[in-house]
Amino acid sequence: MIRSITRRKPDEELDRLLEHQNRVFIFGCGTCTTLTNTGGAEQVQAMQEYLASKGKLVTGSTVLPVACDNLTHEGLRAFSGQINQASALVIMSCAFGVQNIASQLQKMVIPALDTLFIGKETGVGQFNEVCTQCGTCVLGETGGICPVTACHKGLINGPCGGTNNGKCEIDKNKDCAWTLIYNRLAEIGQLDLMKRFQPPRNHQGEPSPGKILLEG
Amino acid sequence: MASKFKQALDQGKFVVTSEVAPPKGVNLEKMAHHIELLKDKVDAMNVTDHQSSVMRFPSLGAALMVKEMGGEPILQMTCRDRNRLALQADLLFAHQRGINNVLCLTGDSVVLGDHKTAKGVFDLDSSQLVAAVRKLEKGKDMAGNDLDGAVSFCAGAIVTPEANPIQPQLIKFEKKIEAGAEFIQTQAVYDLENFKNFMEYARQFPVKVLAGIILLTSAPMARFMNKNVAGVTVPQEFIDEMASAPKGGAIQKGIQIAGRQIKQIVDENICDGVHIMAIGKEELVPDIMAAGGLL
């Protein structure tokens, strides 16, 4: 299952965002940010303590089951008293949850997390981005490994000169996407696919902002 | 008319190129000095483009200066900082101002440089940029629109003969040639036996190859490159030789090693020329050429 992967904002940024907000309500999310230990019950509790130490009054907190879901309004209603007492909402969900909550309450929202990517848990505590939703899928020519996502530069004609020992120039622990693709294509006897010159990508393949109306 | 550099390549003479590094700032004195010193000695000078993703005086401006001073510039263009509109526009401008050689590069990652939070563009890659040059030469832009006046370039690209693994790099190399690269300047090569093997393979393609020579300036610098520069391997014997240099004599030792390599390349007719990179010490290029029997 793919998840929204988040990271807590640095204290300094949170402090700046909360500078003029003295009464806050905290939201966590029982789905993605619980999985990533960035917005589950434990982290909400820790945030409560952190904000209290900064002299904020925490009017209450809750961990919504799925912050981005339509049913979130029921959770909001259940805590309406405590929410109303707060001047700002500190939200420990991904940006989808933040926007969902913001659209339903006339309150200032403060995201406590940065949303990094849509990814998958590939090992214990390890999350990887698998798709950047570019709108022009090339997986059929790359052995099912996405260079738009897995190559730091999103190159589609093979590796750059910065790769070394099968790793990426930006991180010696990160695999070079094109070495992986080469190996995969070699394994399945399809190296000719890599030899085919790919014209420049359509960077407008992904609608910006993304919006679509299904026909029929 | 073919560029002077292109003519040199076509004549089959042993071609020598070196680098000009634009400064960080507007004081062009040192660069002008290097251009003056080298313009009549080398066949062409590569002008680097925000080398290592460090913001500098633009390669286009510095290439113009080479031209104005009577030298032969090779404009290096990376795909890191410009999308296809900007790259094409700069190619139009370069041609119009008499810059007729271009080296197409993907470009280092932004995060390796000094503006680490900038956006890396990479709208195109190096092979696509070569193809774009060829399209502009046909009087069309990349979108297929007619140009009022076409360009003409001697276009090249790079390869890393010591990359590990080499096979994916060779596929990219072939794509660059298929896209229309006429010359290839290589990443530094030190192991000439390995390079000979690469050349045996490369000779089957209609492309001129200039071997990359990076001046070793000290044993620690050589070790640093081994650790940090992708696709560069300085053999232990060279590191030992650098370490054996008397105090203050490391640079001379580096010049000797580079000269020896150049001599071997010429004597054994290994490839079509050399690209001498004396990173930050361009004033030593004539000494390296002399040590290699080229002056």
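Every read-out reported here was derived from the displayed coordinates using simple, explicitly stated rules and does not represent laboratory data. In this text the structure is predicted, and so the values were computed from the model without any measurement. Note: ideal-geometry Cβ built from the backbone for every residue, glycine included; neighbour counts use all protein chains shown.
For chain A, find the longest principal axis of its Cα atoms and tell me its angle to the long axis of helix A:41-53, 0 to 90°, nearest 10.
60 degrees
With the cut-off at 28 Å, tell me which of the pairs B:LYS6/B:LYS172; A:LYS172/B:LYS135; A:LYS153/B:LYS175; B:LYS24/B:LYS227 have Cα atoms farther apart than that.
A:LYS172/B:LYS135
Which of rounded, prolate, oblate describes the stretch B:45-93, given a ≥ b ≥ c as roots of the alpha-carbon gyration tensor eigenvalues and a/c under 1.5 marking rounded, otherwise prolate only if a/b is larger than b/c?
It is oblate, given that a/c is not under 1.5 and a/b is not larger than b/c.
Could you list which residues have their amide H under 5 Å from that of A:GLY28, counting only those 5 or more apart in sequence or on another chain, with H placed in the peptide plane?
The list, which skips near neighbours in sequence, is A:THR62, A:VAL63, A:LEU64, A:MET92.
Within 10 Å of each candidate Cβ there may be at most 14 other Cβ atoms; applying that plus a DSSP loop requirement, which trypsin sites (Lys or Arg not before Pro) in the stretch B:132-188 survive?
B:LYS138
Of the listed peptides B:39-47, A:132-140, what is their order by residue-averaged count of other C-beta atoms within 10 Å, with the highest listed first?
B:39-47, A:132-140
Would you work out if the protein assembly as shown is rounded, prolate or oblate? Take a ≥ b ≥ c from the square roots of the eigenvalues of the alpha-carbon gyration tensor; rounded if a/c is under 1.5, else prolate when a/b is larger than b/c, oblate otherwise.
Taking the square roots of the gyration eigenvalues as a ≥ b ≥ c, the protein assembly as shown is prolate.
What is the distance, in nm, between label points placed 7 Å from the Cα along the Cα-to-Cβ direction at B:LYS13 and at B:ASP148?
3.9 nm
Please sort by residue number the trypsin sites (Lys or Arg not before Pro) in the stretch B:187-276 whose DSSP state is loop and whose Cβ has at most 14 other Cβ atoms within 10 Å.
Answer by residue number: B:ARG203, B:LYS247.
How far, in degrees from 0 to 90, does helix B:250-267 lean away from the longest principal axis of the Cα atoms of chain B, to the nearest 10?
70 degrees
In the protein assembly as shown, what percentage of the DSSP-assigned beta bridges are antiparallel, given to the nearest 5?
25 percent
How large is ³J(HN,Hα), in whole Hz, for each residue of the stretch B:18-29 in order, when computed from phi with the Karplus curve 6.51 cos²θ - 1.76 cosθ + 1.60 and θ = phi - 60°, using x for Gly and Pro?
Result, ordered by residue: 9, 10, 10, 9, x, x, 8, x, 10, 7, 9, 4 Hz.
Let me know the charge dipole size of the stretch B:4-215 about its Cα centre in debye, to the nearest 20, where only the beta-carbon of Lys, Arg (+1) and Asp, Glu (-1) is charged.
With only Lys, Arg, Asp and Glu charged at Cβ, the dipole is about 180 debye.
Considering amide H positions built from the backbone, and no H for Pro or chain starts, which residues 5 or more places from B:LEU210, or on another chain, come under 5 Å of its amide H?
Placed amide hydrogens put B:ILE184, B:GLN185, B:THR186 under 5 Å from B:LEU210.
Ordered by residue, what ³J(HN,Hα) values in Hz, to whole numbers, does the stretch B:153-165 give under the Karplus form 6.51 cos²θ - 1.76 cosθ + 1.60, where θ = phi - 60° and Gly and Pro are x?
Each residue's phi maps through the Karplus curve to give 9, 9, 10, x, 8, 10, 8, 10, x, 9, 4, 10, x Hz.
Can you spot the aspartates and glutamates whose alpha carbon is less than 16 Å from A:LYS195's alpha carbon? Ignore those fewer than 8 places along the same chain.
A:GLU141, A:GLU187, B:ASP125, B:GLU174, B:GLU178
I'd like the distance separating the alpha-carbon centroids of the stretch B:54-81 and the stretch B:142-168, in whole Å.
With the stretch B:54-81 and the stretch B:142-168 each reduced to a Cα centre, they are spaced 17 Å.
For chain B, what is the mean residue ellipticity at 222 nm derived from helices alone (per DSSP H run of n ≥ 4: -39500 (n - 2.57); sum divided by total residues; nearest 500 deg cm²/dmol)?
When only DSSP H runs of four or more count, the value is -12500 deg cm²/dmol.
Note the angle between two axes, namely the Cα long axis of helix B:167-179 and the longest principal axis of the Cα atoms of chain B, as a number of degrees from 0 to 90, rounded to the nearest 10.
Between the helix axis and the principal axis of chain B, the angle is about 40 degrees.
When a/c is below 1.5 the answer is rounded, else prolate if a/b is larger than b/c, else oblate, so apply that to the stretch B:13-151 with a ≥ b ≥ c taken from the square roots of the Cα gyration tensor eigenvalues.
Oblate.
Where a Cα-Cα gap under 18 Å defines reach, which lysines qualify for B:LYS253, not counting those fewer than 8 residues away within the same chain?
B:LYS263, B:LYS281
If amide hydrogens are placed 1.01 Å from N in the peptide plane, which non-local residues have theirs closer than 5 Å to the one on A:THR59?
HN-HN under 5 Å from A:THR59: A:VAL24, A:PHE25.
Give me a single rounded figure for A:148-157: the average over its residues of other chain Cβ atoms within 10 Å of their Cβ.
5
Count, for each residue of A:194-200, the Cβ atoms from other chains sitting within 10 Å of its Cβ, then give me the mean as a whole number.
That average works out to 6.
What does the structure give for B:166-176 when I average, per residue, the other chain Cβ atoms found within 10 Å of the residue Cβ?
The per-residue average across the peptide is 6.
Looking at chain A only, what percent of DSSP beta bridges run antiparallel? Nearest 5 please.
Within chain A, antiparallel bridges account for around 45 percent of the total.
What does the charge add up to near A:ASN22, with Lys and Arg as +1, Asp and Glu as -1, over the other residues with Cβ less than 11 Å from its Cβ?
+2
Taking loop as defined by DSSP and a crowding limit of 10 other beta carbons within 10 Å, which chymotrypsin sites (Phe, Trp or Tyr not before Pro) in the stretch A:120-216 fit?
Within the stretch A:120-216, no chymotrypsin sites (Phe, Trp or Tyr not before Pro) qualify (loop, at most 10 other Cβ atoms within 10 Å).
How much net charge surrounds B:VAL234 when only other residues with a Cβ under 11 Å from its Cβ are counted (Lys, Arg +1; Asp, Glu -1)?
-3
Between the stretch A:1-75 and the stretch A:121-170, what's the alpha-carbon centroid distance in Å?
31 Å
How large is ³J(HN,Hα) for each residue in the stretch A:161-168, as worked out from phi by the Karplus curve 6.51 cos²θ - 1.76 cosθ + 1.60 (θ = phi - 60°), to whole Hz, x for Gly and Pro?
Going residue by residue, I get x, x, 6, 9, 6, x, 10, 8 Hz, with x marking Gly and Pro.
For chain B, give the share of DSSP beta bridges that are antiparallel, in percent and rounded to the nearest 5; count only bridges with both residues there.
5 percent
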